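Notes follow the structure.
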Amino acid sequence: MSLLYEGALQDLVEEFGRLPGIGPKSAQRMAFHILQADTADVDALADALREVKRRVRFCDVCGNVAEDATCVICKDERRDQTMICVVEEPKDVLAVERTREYRGLYHVLGGSIDPMAGIGPDDLRIKDLLPRLQSGDVQEVVIATDPNLEGEATATYLIRLLSSVGLTVSRLASGLPVGGDLEYADEVTLGRAFEGRRSVS
């Protein structure tokens, strides 16, 4: 990012620019928003940032975000203990929970296999998943990795790894979004749509 301002304002623009998904213009807009905001609002934001770093950690069991050693989902005895849904990131847990279709447990990998970025299976929380499957309670593992190349590579690795464990291993169906145009679908999405086709007669 080129130098546009001086001192504290430039430092703030650069810090915002380091956040994922924030480009130079967005970083500049956010910095000026902070500059024009009430001091109390800025203090509240600063306090929230400090508190999240001080109090939030990752669940010892599943890897989801938590403020204790165990997250609220793992603590909930009403959850279906026979199913574990494997996701890439804690934000994916929230996405699945919003559907209200799944009531089992989770396992957060902490990313996906990406050889180009130097991320292999040993860099993920895959080894932490296997002991959870040996309890005898779990009957199905639902693989819910992202429908992109890295997510597909991760799913393929997990399917191969878990094929000898003796559990049902399923993969979330994916395909064309409702309201989308066929011509704009990428190859992976279109291919998965064909794989997941079902009879209507």
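The values are calculated or read from the model by the stated rules, or taken from the named source; none is laboratory data. In this text the structure is predicted, and so the values were computed from the model without any measurement. Neighbour counts are summed over all protein chains in view; Cβ atoms, including those assigned to glycine, are modelled from backbone coordinates with ideal geometry.
Annotations
- Within the option set S112, S26, being free of Cβ contacts under 8 Å to residues at least 24 places away in the same chain and hydroxyl-bearing (S, T, Y) holds for one residue only, S26.
- Extreme residue, nearest to G111 (Cα to Cα), among residues of segment 147-173 that are charged (D, E, K, R) and crowded, with 17+ Cβ neighbours inside 10 Å: E150
- Filter result for the condition that a residue is out of contact with any His (no Cβ under 7 Å at 6 or more places or on another chain) and either surrounded by 12 or more Cβ atoms within 10 Å (Cβ to Cβ) or in contact (Cβ under 8 Å) with a residue 24 or more places away in the chain (or both), over L9, L19: L9
- Those residues of segment 117-141 which are part of a loop (DSSP other than H, G, I, E, B) and either exposed (fewer than 14 other Cβ atoms within 10 Å of the Cβ) or not polar (S, T, N, Q) (or both), in sequence order: G118, G120, L124, R125, I126, K127, D128, Q134, S135, G136, D137, V138
- Leading residue by the ranking (nearest to L172 (Cα to Cα)) among those in segment 113-140 that are among the charged types (D, E, K, R) and out of contact with any Asp or Glu (no Cβ under 7 Å at 6 or more places or on another chain): E140
- Evaluation of V178 against (1) at pLDDT 80 or above; (2) β-branched (V, I, T); (3) part of a loop (DSSP other than H, G, I, E, B) (one fails), failing number: (1)
- Considering residues of segment 97-113 that are part of a strand (DSSP E or B) and of a type in the set (A, V, I, L, M, F, W, C) only, the residue farthest from D128 (Cα to Cα): L105
- Residues of segment 48-83 that are closer than 12 Å to R103 by Cβ and either hydrophobic (A, V, I, L, M, F, W, C) or buried (at least 18 other Cβ atoms within 10 Å of the Cβ) (or both): I73, M83.
- On inspection, G104 fails the criterion of being in contact with a Lys or Arg (Cβ under 9 Å, 6 or more places away or on another chain), outside the structural domain of L167 (by TED's automatic domain parsing) and not aliphatic (A, V, I, L, M).
- Single condition Y102 does not satisfy, out of (1) at positive phi; (2) touching a strand residue (DSSP E or B) at 6+ places or on another chain (Cβ under 7 Å): (1)
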